[in-house]
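Report on one structure; see the data block that follows.
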Amino acid sequence: MEKKFITTSVKEINEKGEGAAVIATLNVIDLDSDFTLPGAFGEQMVPMVPAHDWQEAPIGKALIREVGNEVRAEFQLNLKTTLGGDWYEALKFDLDHPPAKQQYSYGFSIIEA
């Protein structure tokens, strides 16, 4: 599985830990010189893990979907966990004090065309 690391900003987050972020843009060459076509993400529910660490328990989950040329993650953090609460505070701080410094990643497999 390949991984893509990106820096983007959370577009919104509320006191319940619900929020949204754009995690990719379709039909453009990204900073790694990759090009992602529409349909690559589709719509799927995925776990959120802290700091790219798949050994930790998920801090929430996100619905990933393509909207126009954007790939959006509509997420719900688990605020009943210490890590979920810590990440809520970090994301809220990042939103309130731009520019964005949080990094996000997603895993993918390349399909032969």
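The values are calculated or read from the model by the stated rules, or taken from the named source; none is laboratory data. This structure is a prediction, so every number in the text was calculated from the model and none was measured. A quick note on method: Cβ atoms are made from the backbone with ideal geometry, for glycine too, and the neighbour counts reach across all protein chains shown. These accessible areas exclude ligands, DNA and RNA; they are computed on the full protein's heavy atoms, side chains included. Shrake-Rupley method; radii C 1.70, N 1.55, O 1.52, S 1.80 Å.
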**Q.** Matching residues, the stretch 62-84, being over 14 Å from A21 (Cα atoms) and free of Cβ contacts under 8 Å to residues at least 60 places away in the same chain
**A.** G68, K80, T81, T82, L83
Q: Scan the stretch 40-53 and give yes if some residue there is closer than 16 Å to Q103 by Cβ and over 13 Å from the mean Cα position of the chain (by Cα), otherwise no.
A: yes
Q: Examine the stretch 21-28 for a residue that is open to solvent by less than 60 Å² (accessible area, probe 1.4 Å), over 13 Å from Y106 (Cα atoms) and touching a Gly at 6+ places or on another chain (Cβ under 6 Å), and state whether such a residue exists.
A: no
(Q) I need every pair where a residue in the stretch 1-25 that is of a type in the set (D, E, K, R) and modelled with pLDDT of 80 or more has its Cβ under 9 Å from the Cβ of a residue that is assigned to a strand (DSSP E or B) and open to solvent by 100 Å² or more (accessible area, probe 1.4 Å), sequence separation at least 6 or different chains. (A) E18/E12
Q. Do you know which of the residues in the stretch 30-52 that are without any contact (Cβ under 8 Å) to a residue 12 or more places away in the chain and among the hydrophobic types (A, V, I, L, M, F, W, C) is farthest from S105 (Cα to Cα)?
A. L37
